[in-house]
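Have a look at the structure below, then the notes.
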There are 2 protein chains.
Amino acid sequence: MNLSDYRVSKKFKLSGISTDDTGKLERDRAERETAEIGAKLTELQDRLYAESQQSLLVVLQARDAGGKDGTVKHVFEPVNPQGIIVTNFKVPNEEDLKHDFLWRIHPHTPAAGMIAVFNRSHYEDVLVTRVHNIIDDQEAERRFGYIRNFETLLASRGTRILKLYLHISAEEQRSRLQDRLDNPEKNWKFNPADLKERGKWDEYTRAYEAALSATSTDAAPWYVIPADHKWYRNRVISQLLLDTLSDMNPQFPKPEFDLTNVTVGAI
Amino acid sequence: MNLSDYRVSKKFKLSGISTDDTGKLERDRAERETAEIGAKLTELQDRLYAESQQSLLVVLQARDAGGKDGTVKHVFEPVNPQGIIVTNFKVPNEEDLKHDFLWRIHPHTPAAGMIAVFNRSHYEDVLVTRVHNIIDDQEAERRFGYIRNFETLLASRGTRILKLYLHISAEEQRSRLQDRLDNPEKNWKFNPADLKERGKWDEYTRAYEAALSATSTDAAPWYVIPADHKWYRNRVISQLLLDTLSDMNPQFPKPEFDLTNVTVGAI
């Protein structure tokens, strides 16, 4: 498993990365390793929270049934809920639309010490909008620029940004959507509108390729995560988180006060 | 372990509940049971989130080093971070103080489908303020009324409210604060101001007794959780969460659309 293989460069094509890659790992081993990494993430996040100087923003994008919810559930479960906030971005509401497209995003960026996860994000505004011709190519290009500037601003205040596209095949999406139809406990997740979006598979491919290559920067890189196999997806994302948090290297802070000779007396 | 023993009634005294109660449980067994309950909480919260009709608000109050952070970490870890938001309420800022004391609280109450945990809460405004004579008894009584009305409003929109006072002894607090001094990784948690508050032990006892008995209602009961033993504290709180969520009995929703004869085609 070489993570740099999954990093988005200027001229990349989604077809260049296999949706069913398993990095030559077996499932059992991958799951064991994900659990081991989980314990390390717990510890690193403890330090991140205590230090309260840096923060981490994880952006999750995917096609419908791509595994965003499952990623949040399985990869971020070891993390103390006190130190993480997950925001689901839905279709912009009437008030949102009275503002620039980053207005509704900014309040949810992570404070120092925190991890923020965006389940969908400002990238919807250069994906759905583009596929549905709500914005034209020129506007998309302008928005790529706004996004790069916005993410640079976040980075300037100590926020590390990790952007993940969960990469599934058309066949895997078919199987997962069909499962929502067949499994009564999943019926509520099925939305007929998803089938319409599914029909625009190739348009989404092009929109993703354009958006990801235009906004994958050193400050905020995009990774394309092979996601047909959930266990491999979890393994790769856990590793990315571990590498990122290790590199951030948060430290328990020094006490703000001189604690020499302080003792706690009885009452 | 009879949970009703810990529920706050009109005329209760903190001294009536032992801080080191263990409900005749052994530590090993309690920890095993807490883990088993955790798995059930995961499932119930899945349903709560999917149903998106009801919500749960857990209010945590305690003296310094009472175990609020540890409770969040250990009891709520099994919960999918997507469905839970923990809010830490600090000292009100300048803007907060330009509003009524519930203004800064209201935005953080849980949306349908969510669990919200308040690590400290609006109760600080009838505790710290009272011990430090920032408000008098009449104002405290008025605030108890505002709080009861506010919590009734939340309940009217489907929010279940569980309020927990983590009950530790003066000796246990001494030991935990001393540990923050002795353990370099915990130094950052030590604040000399905590010693000043500790000196007002009895005043806090009276303020807690007044606040809890005045605001423990059917819609939003207070429980006093014996918390000298963290493993017992976790066991009791897990059970309360399980009983509450089981009683709420959230259900996976019916699909909004007629799914008969829908299939997902190939691309």
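Against chain B, whose longest principal axis is taken from its Cα atoms, helix B:230-248 shows a tilt of about 40°. Phi-derived couplings, Karplus 6.51 cos²θ - 1.76 cosθ + 1.60 at θ = phi - 60°, listed residue by residue for region A:215-224: 10, 8, 10, 5, 6, 8, x, 9, 10, 9 Hz, with x used for Gly and Pro.
Any idea what the dipole of region A:90-174 comes to, in debye rounded to 20, about its Cα centre with Lys/Arg Cβ at +1 and Asp/Glu Cβ at -1? The partial results should precede the final answer.
On the way: 12 positive and 13 negative charges, 80 e Å.
The dipole of region A:90-174 has a size of about 380 debye.
Bridging of B:K40 to lysines at a Cα separation below 20 Å is possible for A:K73, A:K186, B:K73, once same-chain residues fewer than 8 apart are set aside.
How big is the dipole moment of chain B about its Cα centre under a simple scheme where the beta carbon of each Lys and Arg is +1, that of each Asp and Glu is -1, and everything else is neutral? Debye, nearest 20, please.
Details: 37 positive and 41 negative charges, 50 e Å.
Magnitude of the dipole: close to 240 debye.
Counting only Cβ charges, +1 for Lys and Arg and -1 for Asp and Glu, the dipole size of the protein assembly as shown around its Cα centre is about 0 debye. With a Förster radius of 35 Å applied to the C-beta separation of A:R32 and A:E171, the computed FRET efficiency comes to 0.80. Remark: label point of B:N149 defined 7 Å out from Cα along the Cα-Cβ vector; separations to the same position in other copies 4.7 nm, ascending.
Note on chain B: with a GNM built from Cα contacts shorter than 10 Å, the maximum mean-square fluctuation among B:Y49, B:Y146, B:Y208 falls on B:Y146. Across peptide B:249-258, the average count of Cβ atoms from other chains found within 10 Å of a residue's Cβ is 4. Is any residue of region B:113-139 close enough, with backbone N under 15 Å, to a label point placed 7 angstrom from the Cα of B:K196 along the Cα-Cβ axis, and if so, which? Answer for this model: B:128-134. The alpha carbon convex hull volume per residue for the protein assembly as shown rounds to 168 Å³.
So if the hydrodynamic radius of region A:1-103 is defined as the Kirkwood radius over C-alpha pairs, what does Stokes-Einstein give as its diffusion coefficient at 10 °C and 1.306 mPa s, in µm² per second?
It comes out at roughly 93 µm²/s.
In this simple spin-label model, placing a label point 7 Å from the Cα along the Cα-to-Cβ direction at both A:A112 and B:S52 gives a separation of 3.7 nm. Note on A:R142 and B:E139: with the Förster distance fixed at 45 Å, the Cβ-Cβ geometry gives a FRET efficiency of about 0.25.
Between A:L166, A:L48, A:L102, find the one with the highest GNM mean-square fluctuation for chain A; connect C-alpha pairs within less than 10 Å. Its mean-square fluctuation being the largest, the pick is A:L102. With the label put 7 angstrom out from Cα along the Cα-to-Cβ vector, B:D202 ends up 8.3 nm from the copy partners, going from closest to farthest.
On the principal axes of its alpha-carbon atoms, region B:189-252 has extents of 49, 28, 19 Å, going from largest to smallest.
Sorted shortest first, the distances from the A:L3 label point to those of the same residue in the other copies are 4.1 nm; each point sits 7 Å from Cα along Cα-to-Cβ.
Amide H to amide H, with H built 1.01 Å from N, A:Q54 comes under 5 Å of A:G113, counting only residues 5 or more places away or on other chains. Among A:S213, A:S238, A:S175, the largest mean-square fluctuation in a Gaussian network model of chain A, built with springs joining Cα atoms closer than 10 Å, belongs to A:S175. Placing unit charges on the Cβ atoms of the charged side chains and taking the dipole of chain B about its Cα centre, the candidate lying farthest along the positive direction among B:A155, B:T22, B:V58 is B:T22. Computed over chain A, relative contact order equals 36 percent, with contacts defined as Cα pairs under 8 Å that lie 6+ residues apart.
Straight-distance candidates among the lysines for linking to A:K10, with alpha-carbon spacing under 17 Å and chain neighbours fewer than 8 residues away dropped: A:K163.
Where a number appears in this text, it was derived from the coordinates with a stated rule and is not lab data. Computed from a prediction, not measured in an experiment: that's the story for all the values here. For neighbour counting, all protein chains shown are included, and Cβ atoms are generated from backbone atoms with ideal geometry for every residue, glycine included.
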